[in-house]
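K.L.:
Here it is, the structure in full.
The values are calculated or read from the model by the stated rules, or taken from the named source; none is laboratory data. Since the model is a prediction, treat every value here as computed from it, not as a measurement. Please note: Cβ atoms are built from the backbone with ideal geometry, for glycine as well, and neighbour counts cover all protein chains shown. Surface areas here come from the heavy atoms of the whole protein model, side chains and all, with no ligands, DNA or RNA. Shrake-Rupley method; radii C 1.70, N 1.55, O 1.52, S 1.80 Å.
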Amino acid sequence: MENERKLTIARAMAEAMAQEMRLDPTVFVMGEDIAELGGVFGNTRGLLDEFGKERVRDTPISETGFIGAAVGAAQDGMRPVVELMFVDFFGVCFDAIYNLMAKNTYFSGGNFKVPMVLMTSTGGGYSDAGQHSQCLYGSFAHLPGMKVVSPSNAYDAKGLMTAALRDDNPVIYMFHKGLQGMGWLGTEAGANVHVPEESYEIEIGKAAIARQGSDVTIVSIAMGVHNALKAASVLEADGISAEVVDLRSLVPLDRETVRASVGKTGRLIVVDEDYHSYGVSGEIIATVCETGVSGLKAPPRRIAYPDVPIPFARVMEQHCLPNPDKIVAAAREMCRVAVPA
Amino acid sequence: MQPTKAELGWMYRTMVISRRFENAIEKIYMEGKSPVFNMADGPIPGEMHLSDGQEPVAVGVCAHLKPEDIVTATHRPHHQAIAKGVDLKKMAAEIFGKASGLSGGRGGHMHLFDADVNFACSGIIAQGMGPAAGGALSRKLQGKPGVAVSFIGEGAANQGAFHETMNLAALWKLPMICVIEDNAWGISVAKSAATSVQKNHVRAASYGIPGHYISDNDPWKIYEVAGEAIERARAGEGPTLIEIETYRLAGHFMGDAEGYRPEGEKDDLFARDPIPAMRQRLLDEATFNAADLDQMESEAQSGVDEAIQFARESADPAPEDALTAVFA
Ligand SMILES: Cc1ncc(C[n+]2csc(CCOP(=O)(O)OP(=O)(O)O)c2C)c(N)n1
């Protein structure tokens, strides 16, 4: 492509923040190691130099304090962005998130707004064990009052960040470590795509069709989208045409796009790196089943992380993670076996 | 309270074991990670937080502990585990993610657990505090001997769990000691940029308990102050807060470019490396002669070599083992 400007998700996130910070003096960023270091995952690089210490603040390791503070600042007219370094650390600060950030708009009958973005890293696959590798999509999406997004590529990363920063509601922005484009966490090439320089929004709550297909719908988010796309290429050689839906947002959830796709293909696989039970995969399947999408040709399947803590040892972790092979196997079975009437 | 000759020998040997262990891990960690450094690769994947330079804290405190005493450690746990007597072979194997590891490869380097010596870890900052207090409470309720020590970093003293637990331990007069390893940095953030007081031991006043600060990473001084605090806890007089100035000679984790360090800081720290310093003092005070110390060092090295070899030669866990041991 001419004038192609491929960015990593990390750079796309930083660019979106910088652009909004130029326009809107109420936007400021705080978190651990986000200033001088530019974020452990690189997504705040350059912000300190441009905007200075008042607006780009390294915090103590006091998540419940600074996330609670973000809620207060948001209610008082600021638009804070806070980073929870790993989503797994939500345990030490969840009250500020789900009892304050997510409920104060409702409890105040709308006379308080809480326009803030909480960005947090997700995902494993690099042997960091179960306190640093979870996705927890379902845990956040389950609780009402906060929007939840997670990009699979740099274009969406920028547009979703801009939209999140302009939203009058709290947004949980989950970025997958394996997609950040930080070499030390491996690099998923498909995540680094062309990103326009000018500011733009991706509407929160709108899924994207990442690949068109007619035999089976594979619904996923973030890293799962790349696994789904890889599986779809393999399936193509089998003569199975897979459609890949990238949810991009979990709250609000674009149920229409999912239903329309499954209505067309008649088959549904959900790929979710979060735990199998009580999560996104179940929600997507329910979305399809409870509205009686007619003509399901096979029972829906989910390729999710088993309901066990994430182990350190590579062989054990890789055994548990969703991957293209597992998706391919499921799709092959589904496309051969029809559901008996 | 001064360490005996035997205790000094144990302290020195244990510091050397810890350092040699870290040196070995550091080298092996880089296998398979060049020219491209990807954490997922090599015989030891994942994050790696080395404890080089912080050995005096571990030995000065653990010299007073028995296997029955409880230690909770952090994401940087190797020196503490070694000093507490965690089985070095099984620990090495765990760090390699092998079936013969402490937890069969489920935990890895940030999650070392050895029930035989009451040692546990958490990779979540300050989350060793509550379990240490609970262990101390349990000993009190059961009338069983033993104290609990929670090691944390200075960055962890800004976490709610630290303050809540200190208050609880003080309120209930629990046999607990909180040892803060002040290595001046929490990843890239300097202590002075993160902490409202210069030294954390002053915070002991807010719980009405004794607080001590030890400067210069001094094993003798650490031994003395920790010994008194542990004695106090054993006597039922309640908790103590100790902050110890120590040195992080390595990066926060392996792969850390350490661009945030002021120029010359590393050189200065290396010049104050506590292991050569302790060796020199042991010689100066004629506690041991050079031959004694050389022998301790070579024994330490063989122990480490054996552990590493055991880890290398051990089998990987079966992949499906991931699905076991979720429940008791
Ligand atoms: C609750 C929580 N927040 C953040 C982190 C990420 N983190 C890991 S180590 C670290 C710095 C810890 O500093 P300190 O307690 O001083 O220990 P040190 O690393 O210096 O040994 C941070 C912020 C974490 N593991 N847990």
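K.L.:
For peptide B:180-190, how many partner chain Cβ atoms fall within 10 Å of a residue's Cβ, on average?
P.N.:
The mean count of partner-chain Cβ atoms within 10 Å per residue comes to 3.
K.L.:
Further question: Which whole-number value in Å² is the accessible area per residue of the protein assembly as shown, probe 1.4 Å?
P.N.:
Counting only protein heavy atoms, the per-residue value for the protein assembly as shown is 37 Å².
K.L.:
Are there any helices in chain B, counted as whole DSSP H runs, that stretch 24 Å or more along their axis by Cα and score at least -0.5 on average by Kyte-Doolittle, and if so which?
P.N.:
Helices meeting the criterion: B:5-30.
K.L.:
Please give the solvent-accessible surface of B:Thr72 in Å², to the nearest 10, using a probe radius of 1.4 Å with every protein chain present.
P.N.:
For B:Thr72, the solvent-accessible surface is approximately 10 Å².
K.L.:
As an exercise, use a Förster radius of 56 Å and the Cβ-Cβ distance of B:Gln301 and A:Arg5 to find the FRET efficiency, rounded to the nearest 0.05.
P.N.:
0.55
K.L.:
Taking the Cβ of A:His226 as the centre, find all other residues whose Cβ is under 12 Å away and add up their charges (Lys, Arg: +1; Asp, Glu: -1).
P.N.:
-1
K.L.:
Going toward the positive end of the dipole of segment A:208-336, with +1 on Lys and Arg Cβ and -1 on Asp and Glu Cβ, which of A:Ser214, A:Val328, A:Tyr305 do you reach last?
P.N.:
Most positive-ward Cα: A:Ser214.
K.L.:
Counting partner chain Cβ atoms within 10 Å of every residue's Cβ in A:26-39, what's the average?
P.N.:
Average per residue, whole number: 3.
K.L.:
Of all the stretches in chain A, which is the longest one without any exposed loop site, taking chymotrypsin sites (Phe, Trp or Tyr not before Pro) in a DSSP loop (any state but H, G, I, E, B) with at most 14 other Cβ atoms within 10 Å?
P.N.:
Of all site-free stretches, the longest is A:1-111.
K.L.:
How high is the relative contact order of segment A:104-239, given as a whole-number percent (alpha carbon pairs under 8 Å, six or more residues apart)?
P.N.:
It rounds to 26 percent for segment A:104-239.
K.L.:
Within 10 Å, count the other beta carbons around each residue, average over each peptide in B:87-94, B:208-215, A:300-307, B:147-154, and list them highest first.
P.N.:
B:147-154, B:87-94, A:300-307, B:208-215
K.L.:
Size of the dipole of the protein assembly as shown about the Cα centre, Lys and Arg at +1 and Asp and Glu at -1 on the beta carbon, nothing else charged, in debye to 20?
P.N.:
With only Lys, Arg, Asp and Glu charged at Cβ, the dipole is about 1500 debye.
K.L.:
A follow-up question, please. With label points built 7 Å along Cα→Cβ from the Cα atoms of A:Glu198 and A:Gln212, find their separation and express it in nm.
P.N.:
Computed distance between label sites A:Glu198 and A:Gln212 equals 2.7 nm.
K.L.:
Excluding ligands, DNA and RNA, what is the accessible area buried between chains B and A, summed over both sides, using a 1.4 Å probe, to the nearest 100 Å²?
P.N.:
3100
K.L.:
Among A:His142, A:Gln19, A:Thr187, whose Cα projects farthest towards the positive end of the dipole of chain A, with charges put on the beta-carbon of Lys, Arg (+1) and Asp, Glu (-1)?
P.N.:
Towards the positive end, the residue furthest out is A:His142.
K.L.:
Under a GNM of chain B (C-alpha, springs under 10 Å), which listed residue has the highest mean-square fluctuation: B:Leu102, B:Leu50, B:Leu171?
P.N.:
Top of the fluctuation ranking is B:Leu171.
K.L.:
Considering every pair of different Cα atoms, what Kirkwood radius, in Å, is found for chain A?
P.N.:
Hydrodynamic radius (Kirkwood, Cα pairs) of chain A is 20.3 Å.
K.L.:
Let me ask another. Taking the convex hull of the Cα atoms, report for the protein assembly as shown its projected area averaged over all directions, in nm².
P.N.:
Over every viewing direction, the Cα hull of the protein assembly as shown projects on average to 31.7 nm².
K.L.:
With charges only on Cβ, +1 for K and R and -1 for D and E, what is the dipole size of segment B:155-308 about its Cα centre, in debye, rounded to 20?
P.N.:
For segment B:155-308, the charge dipole is close to 880 debye.
K.L.:
In addition: Partner chain Cβ atoms within 10 Å, averaged over the residues of B:39-49 - can you pull that number for me?
P.N.:
For this peptide, the per-residue mean of nearby foreign Cβ atoms is 5.
K.L.:
Would you grab the residues whose amide H sits under 5 Å from the one on A:His176? Only those 5+ places off in sequence or on another chain, please, with H modelled 1.01 Å from N.
P.N.:
Residues meeting the amide H criterion: A:Thr122.
K.L.:
With +1 assigned to the C-beta of every Lys and Arg and -1 to the C-beta of every Asp and Glu, and no other charges, what is the dipole magnitude of chain B about the Cα centre in debye, to the nearest 20?
P.N.:
Magnitude of the dipole: close to 940 debye.
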